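Chemist: Structure provided below as structure tokens; questions to follow.
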Amino acid sequence: MSMPTTLQDARNSMDGIIDTVSAAHPVVPLLNLLKSHGKLIMVGAPATPLEVPVFPLIAGNRIAFSLELNDRTYYATSSDNA
């Protein structure tokens, strides 16, 4: 199998992603890389909350969450039905 050359080629190819970016950035491209039941773990701490549309989480049956840093939760949501 060859390596994907674009994000489109890599769609639905990852079981999990650890996102360490601490600046505001688009999250949907990362969600699109996840397989069904894939997990996005965010450990970066942007100064402003990230905007994340819910549909990519629900439609892909994906889970996204973050760690709590400095007594502030920056992002916490889940589409996990368990």
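Chemist: Would you mention how many residues in segment 37-82 are basic (Lys, Arg) and modelled with pLDDT of 55 or more?
Modeler: 2
Chemist: Next question, about the same structure. It is to be established whether one or more residues within segment 4-11 are part of a strand (DSSP E or B), free of Cβ contacts under 8 Å to residues at least 60 places away in the same chain and either closer than 24 Å to residue 59 by Cα or within 14 Å of the chain's Cα centre (by Cα) (or both).
Modeler: Checked segment 4-11: no residue is part of a strand (DSSP E or B), free of Cβ contacts under 8 Å to residues at least 60 places away in the same chain and either closer than 24 Å to residue 59 by Cα or within 14 Å of the chain's Cα centre (by Cα) (or both).
Chemist: Would a scan of segment 13-36 turn up a residue that is modelled with pLDDT under 85, part of a loop (DSSP other than H, G, I, E, B) and either in contact with a Leu (Cβ under 8 Å, 6 or more places away or on another chain) or of a type in the set (Phe, Trp, Tyr) (or both)?
Modeler: no
Chemist: Still on this model: So if I check each of 41, 17, which one is in contact with a Lys or Arg (Cβ under 9 Å, 6 or more places away or on another chain) and β-branched (Val, Ile, Thr)?
Modeler: Only one candidate qualifies: 17.
The values are calculated or read from the model by the stated rules, or taken from the named source; none is laboratory data. Bear in mind the structure is a predicted one, so any value in this text is a computation, not a measurement. Note that we place each Cβ from the backbone using ideal geometry, even for glycine, and neighbour counts take in every protein chain shown.
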